[in-house]
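Participant: Sharing a structure here in structure tokens format.
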Amino acid sequence: MVKKLFMILLILMVTVSPEKSPRAADTTIGAHVKLTVYDYKDGKSNGKKGNEYAGMALSEMILYFSGSISDYLSVDLQPMFNTVTGATPKFGNAIGENKYTNAEPIFNEFRKAVITAYLSYQMEMSFGIVKPRFTWDYGTELFWEEEINGGKFSCNDYLGAMHETGIELYKAFEFSRFSLPSYFYVLNGGPGGQKNLFNDNNNTPTVMFHIEPEIGPLRFHSSLARGKWDDAGKYFMTRYAAGIAYQWQNLSARTEMAGGNWENSIPARVMEHATPFGFYTKVLYRVNPWARFMLHYDYAKHNFNGFFSPLPGEEVYKTITPGVQIEVAGGSMIQIQYDIADWTKWKSDTENETLKFGRLTVGFRSTF
């Protein structure tokens, strides 16, 4: 009942003094393509040496279809196709044992599928499969411009990533000394760790706030989401994130942190909550108009095992990634990165698994 009231209230806002869409006459078709040209890993899994060459692949393709329905409504569709190669080393497998041979692109999901209404007071409301701006690295896809393989913090449905169906309300507040872009969400509230779960799982919506203050060369953001994760609607989920970014001439730096609490979500452990936490720091320096260097430190810790359903145990991921981006044309670049990974998984207090490896990846990204 609560969710229905939220939906009715926000949808009715569309009819209140709408403003004309700034894109009313535009229809756009585009795509984002990611190609892996070279991918080689060498290291140890539980002390056992191994290596692997994953080869070339069309890793990801996202199509963009956007256009106006009327002067006050627009639509944005982003179907995604990708390959699942198993190229990333996994706990319990020797490096080179978990690679799949079938790299045929298949439809994965809609990254975004929304209708946007332009309301009075320069507000915008989108509803459908939204992509919440929970973090910058994933929510605004900044890592696309910096590396082929996203970090364990960012591409993590318990930390930096969020996939949801719902409503997004946006307005930018302008003050004399700073601006404050603000977002408010009413979401279906997937339980986390299941990025394809867009459908309702209980009758309680997840509510999320996101703000991005900008003061001179500094940008900040803060996100807070609260809802219930289980089908019965008994247990709360709270997620939070914050970040700061700085730009000075050719030097830029950015750091974000995120965490959460899923009540009573670890099976076989009565009343134990899943409490993931992580952060990353990136420093980038542009040496000329077409080349930029990057240094990235990524940290993610789960007080459980797994990325899709919490199991008893603990995991810690520490990764250092130097890299370079070489622009070859507008919207197209070659990306080179070398991941230095030190990952540990505890099955119990005395039994663990380790992954220590280096991974050199050369890829090509193009957005048009």
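Participant: In the chain, what percent of the accessible surface is made up of carbon and sulfur (1.4 Å probe, ligands and nucleic acids excluded)?
Facilitator: Values: 10740 of 17690 Å².
Result for the chain: 61 percent of the exposed heavy-atom area is carbon or sulfur.
Participant: Taking the range 293-368 as the region of interest, what is the percent of Cα-Cα pairs per 10 angstrom bin, listed from the shortest bin to the one with the maximum distance?
Facilitator: 17, 34, 26, 17, 5, 0
Participant: Here's another thing I want to ask about it. In nm, to one decimal, how far is the Tyr285 label point from the Asn203 one, both placed 7 Å along Cα→Cβ?
Facilitator: Those two pseudo-labels are separated by 5.9 nm.
Participant: Computed on alpha carbon atoms, what radius of gyration and Dmax characterise the range 232-347, expressed in Å?
Facilitator: My reading of the Cα-based Rg and Dmax gives 18.5, 56 Å.
Participant: Given the convex hull of the Cα atoms of the chain, what is a quarter of its surface area in nm²? It would help to have the intermediate numbers written out before the result.
Facilitator: Details: hull surface 77.9 nm².
The Cα convex hull of the chain, projected and averaged over all directions, gives 19.5 nm².
Participant: Round to the nearest 10 and give me the degree value, 0 to 90, for the angle of helix 2-12's Cα axis relative to the longest principal axis of the chain.
Facilitator: Compared with the principal axis, the helix lies near 60 degrees.
Participant: Quick one: what Rg and Dmax do you get for the range 232-276 from the alpha carbons, in Å?
Facilitator: Radius of gyration, then largest Cα-Cα span, for the range 232-276: 17.1, 53 Å.
Participant: Where only protein heavy atoms count, and the probe is 1.4 Å, what is the accessible area per residue for the range 115-178 in Å²?
Facilitator: Working: 2250 Å² over 64 residues.
On a per-residue basis, 35 Å².
Participant: Take Tyr53 and Trp346, extend 7 Å from each Cα along the Cα→Cβ direction, and tell me the distance between the two endpoints in nm.
Facilitator: 4.0 nm
Participant: Using 18 Å as the Cα-Cα cut-off, could you pick out the over-long pairs in Lys49/Lys356; Lys90/Lys301; Lys48/Lys345; Lys131/Lys234; Lys228/Lys345; Lys301/Lys347?
Facilitator: Lys131/Lys234; Lys228/Lys345
Participant: Additional query: How do 308-314, 124-130 rank on mean C-beta neighbours within 10 Å, highest first?
Facilitator: Working: 308-314: 16.4, 124-130: 20.3.
The densest-packed peptide leads the list: 124-130, 308-314.
Participant: Would you list, by chain and number, the aspartates and glutamates whose Cα falls below 14 Å from the Cα of Lys112, excluding same-chain residues fewer than 8 positions away?
Facilitator: Asp76, Glu141, Glu164, Glu168
The values are calculated or read from the model by the stated rules, or taken from the named source; none is laboratory data. Just so it is clear, the structure is predicted and the values come from calculations on it, not from any experiment. Here the Cβ is made from the backbone with ideal geometry for all residues, glycine too, and neighbour counts use every protein chain on show. Just so you know, the surface numbers come from the protein's heavy atoms only, side chains and all, with ligands and any DNA or RNA stripped out. Shrake-Rupley method; radii C 1.70, N 1.55, O 1.52, S 1.80 Å.
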